[in-house]
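Report on the structure given below.
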Amino acid sequence: MGSVGLFGGTDAKPARIVGTVVDINGGPVPGATVALKALDSNDVTSQSTPESGYFSFQNVHPGIRYQIDVSAKDFADWTSPAVTVEPGEYKIVGGIQLKIAVEHTEVQVHYDQAQVALEEFKAEEHQRVLGIIPNFYVAYDKNTEPLTSKMKFKLALKVSVDPVSAAGILFISGLTQASNSPKYGQGGEGYGKRVGANAADGFSDIMIGGAILPSLLHQDPRYFYQGTGSTGSRIRHAVFSPFVTRFDDGHWGPNYSSIGGDLASASLSNLYYPHVDRGPGLVFGHFAIGTAERIGATLAQEFIVARFTRRDGHVK
């Protein structure tokens with residue numbers, strides 16, 4: 001490219017400013033825009049570098065402070081310190097080395113609590129001891145998101161209709177048949193009534209204590225596995241779990257859902273148990289047994305069951 005004049009026509013002999021634009025490897029940078037700016041007046045003239053990367057500003061007025069700005073595609077901009085020339089000076093500006101431009105990519109991460117809760121819920125739906133026995137009501141992540149009311153009901157229904165739950169009812173009914181408790185009598189009719197009573201007990205307990213009350217009281221019906229700490233602290237955590245639970249907002253308080261579910265389920269038993277078995281003794285007896293079973297279950301969860309529970313497709 002030919003030379004470009006700037007601020008000619010003065011009495012002082014004009015100067016000349018030249019230089020070469022190169023990359024970090026020393027190769028010339030063609031097509032770079034080189035601007036010569038008078039800092040005191042903001043007058044600017046510019047030119048584009050040829051294949052050689054060379055530029056030349058002629059007829060530059062001496063005694064004025066100038067600044068050279070260089071820009072090129074895919075390169076970071078370069079700016080010189082203030083440059084002043086003497087009359088008739090042939091000034092070579094060196095060190096014009098352009099670096100590769102750094103791209104800044106902004107990534108915005110939005111935490112969707114509902115989506116995280118859904119993913120955690122889907123994982124819990126597949127938790128099974130040895131890949132067989134349902135173990136849905138255990139949260140192995142202490143920071144897990146709360147369940148929605150829909151999730152609480154879905155989980156309760158899933159447990160209620162699970163084939164393993166049905167097999168458990170048939171087995172327990174066989175044991176109570178042997179002890180004639182409740183007093184439905186023996187034979188197929190007695191066994192059928194016991195199956196129906198045990199099924200009703202389990203369904204009312206899980207629906208009231210695992211879905212209805214947790215939804216109304218905003219409590220989490222799951223057991224929160226501790227897994228770390230001293231043995232004593234883990235025992236205390238498991239033993240108190242039926243009486244203390246986490247609320248949906250994260251704070252801990254009385255487990256009204258579990259206690260209320262056991263009492264409500266035991267009270268409903270008075271509607272279909274034999275008359276000879278009904279009364280306050282049935283209610284509080286069932287409540288005591290249910291509470292003892294929960295304590296035993298949480299202790300087993302804390303120290304045994306977790307080792308054999310299939311999570312994320314494999315046993316931990």
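The values are calculated or read from the model by the stated rules, or taken from the named source; none is laboratory data. In this text the structure is predicted, and so the values were computed from the model without any measurement. Don't worry about glycine lacking a Cβ; one is built from the backbone with ideal geometry, like all the others, and counts go over all protein chains shown. When the accessible area is computed, the model is the full protein with side chains, heavy atoms only, and any ligands, DNA or RNA have been set aside. Shrake-Rupley method; radii C 1.70, N 1.55, O 1.52, S 1.80 Å.
Can you tell me which of Ser241, Ser204 is buried (at least 16 other Cβ atoms within 10 Å of the Cβ), under 36 Å from the mean Cα position of the chain (by Cα) and within 24 Å of Arg278 (Cβ to Cβ)?
Ser204
If only one of Leu263, Leu299 is within 41 Å of the chain's Cα centre (by Cα) and closer than 30 Å to Lys183 by Cβ, which one is it?
Details: Leu299 fails: closer than 30 Å to Lys183 by Cβ.
When all the criteria are applied, what remains is Leu263.
Going by the structure shown, is Val102 over 15 Å from the mean Cα position of the chain (by Cα) and free of Cβ contacts under 8 Å to residues at least 12 places away in the same chain? Please lay out each step first, then the result.
Values: over 15 Å from the mean Cα position of the chain (by Cα): yes; free of Cβ contacts under 8 Å to residues at least 12 places away in the same chain: no.
In short, no.
Restricted to the stretch 78-116, and to residues that are closer than 19 Å to Gly26 by Cβ and not in a strand (DSSP E or B), which residue is most open to solvent (accessible area, probe 1.4 Å)? If you could, list the steps in order and put the result at the bottom.
Step one: of the stretch 78-116, the residues closer than 19 Å to Gly26 by Cβ are 78, 80, 92-101.
Narrowing the set further to residues that are not in a strand (DSSP E or B) leaves 80, 94-96, 99, 101.
Working: Ser80: 8, Gly94: 57, Gly95: 66, Ile96: 3, Lys99: 136, Ala101: 45 Å².
Filtering first and then ranking leaves Lys99.
Report the residue count in the stretch 139-157 for those that are modelled with pLDDT under 95, charged (D, E, K, R) and surrounded by 15 or more Cβ atoms within 10 Å (Cβ to Cβ).
The qualifying residues number 1.
So, in the stretch 135-171, how many residues would count as being of a type in the set (Val, Ile, Thr) and part of a helix (DSSP H, G or I)?
4
Tell me whether the stretch 187-195 contains one or more residues that are touching a residue at least 24 places away in the same chain (Cβ under 8 Å) and either open to solvent by 40 Å² or more (accessible area, probe 1.4 Å) or in contact with a Cys (Cβ under 8 Å, 6 or more places away or on another chain) (or both).
no
Testing Pro221 on (1) open to solvent by 40 Å² or more (accessible area, probe 1.4 Å); (2) modelled with pLDDT of 95 or more; (3) in a loop (DSSP other than H, G, I, E, B), one condition comes back false. Which one is that?
Of the numbered conditions (1) open to solvent by 40 Å² or more (accessible area, probe 1.4 Å); (2) modelled with pLDDT of 95 or more; (3) in a loop (DSSP other than H, G, I, E, B), the odd one out for Pro221 is (1).
Check the stretch 280-296 and report whether any residue there is closer than 27 Å to Leu157 by Cβ and of a type in the set (Asp, Glu).
For the stretch 280-296, residues closer than 27 Å to Leu157 by Cβ and of a type in the set (Asp, Glu): present.
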